[in-house]
Amino acid sequence: MNIGVLGGTFDPIHSGHLIIAEKANEKFGFKRLLFVPAGQPWMKADHEITATDHRVEMVRRAIAGKPGFELSTVEIDRPGPSLSVDTVDVLHRQLGRKAELYFIVGWDSLAGLSQWKEPERLVKMCKLVAVNRPGFSRPHLKKLEPEIPGVLKSVIWLDIKPIDISSSEIRKRVEEGSSIHGMVPESVERYIKENNLYQKQI
């Protein structure tokens, strides 16, 4: 049973995330596709992120009514830093070892995979679906293989039209009072307005 996993801070979730999920779903025919908001992203320890309940609710609203798309709070529910290898391990225990997990990552994340916790174990536990991102080159897997044995067999490329949308740009536009229409689902746009998220602090 193929199950997709798309993790992220989702601060906020945006249209690019959904397009990536839809394209991956088209290619691999996932039985389920899990959106996993990070609890405490270890790579953003020095960044202030929006409260968990807001980020979870935005994901919930963004995927509402989309068959097969599900919210997983596995990282929110677990204390401590959010680490991919731990997340995949927990998901395997929740879903059963017969579940074939496809962990979706950007080219930038893949290039820095050797800095992750236990990357060699991660690539043995799941497939890595590598998605191109604007401004980043395709990582050379043969160069990564000596550091992370098994990465060559684990990675599957998902080449899509580059999506030039970022959560940081959305937060900046909201703070400036600029429109984010089309950059996020309408339900998320309404939620941001209703809860005064990303407003300039006075």
Testing the spin-label approximation: label points 7 Å from Cα along Cα→Cβ at ILE156 and GLN40. State their distance in nm. 3.4
Here FRET efficiency (C-beta to C-beta, ILE19 to ARG93, R₀ 45 Å, nearest 0.05) is 0.90
If the cut-off is a Cα-Cα distance under 17 Å, which lysines reach LYS142, setting aside same-chain residues fewer than 8 apart in sequence? LYS124, LYS127, LYS153
Based on DSSP H runs of at least 4 residues, each adding -39500 (n - 2.57), what is the mean residue ellipticity at 222 nm of the chain after dividing by all its residues, to the nearest 500 deg cm²/dmol? -11000 deg cm²/dmol
Lysines whose Cα lies under 30 Å from that of LYS172, excluding same-chain neighbours fewer than 8 positions away: LYS23, LYS44, LYS66, LYS161, LYS193, LYS200
I want to verify a result. In a Gaussian network model of the chain, Cα cutoff 10 Å, which of these has the top mean-square fluctuation: ALA99, ALA62, ALA24? ALA99
May I ask you to derive the FRET efficiency for LYS142 and GLU118 from their Cβ-Cβ distance with R0 = 22 Å, giving the value to the nearest 0.05? 0.55
Checking rank on 165-174, 123-132, with mean other Cβ inside 10 Å and highest first, the result is 123-132, 165-174
Relative contact order of the chain, pairs being alpha-carbon contacts under 8 Å that are 6 or more residues apart, as %: 24
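Read-outs throughout are calculated quantities, based only on the coordinates presented, and are distinct from any laboratory measurement. What you see is a predicted model, and the numbers here were worked out from it, not measured in a lab. Because the Cβ atoms are built from the backbone with ideal geometry, glycine has one as well, and the counts that use them run over all protein chains shown.
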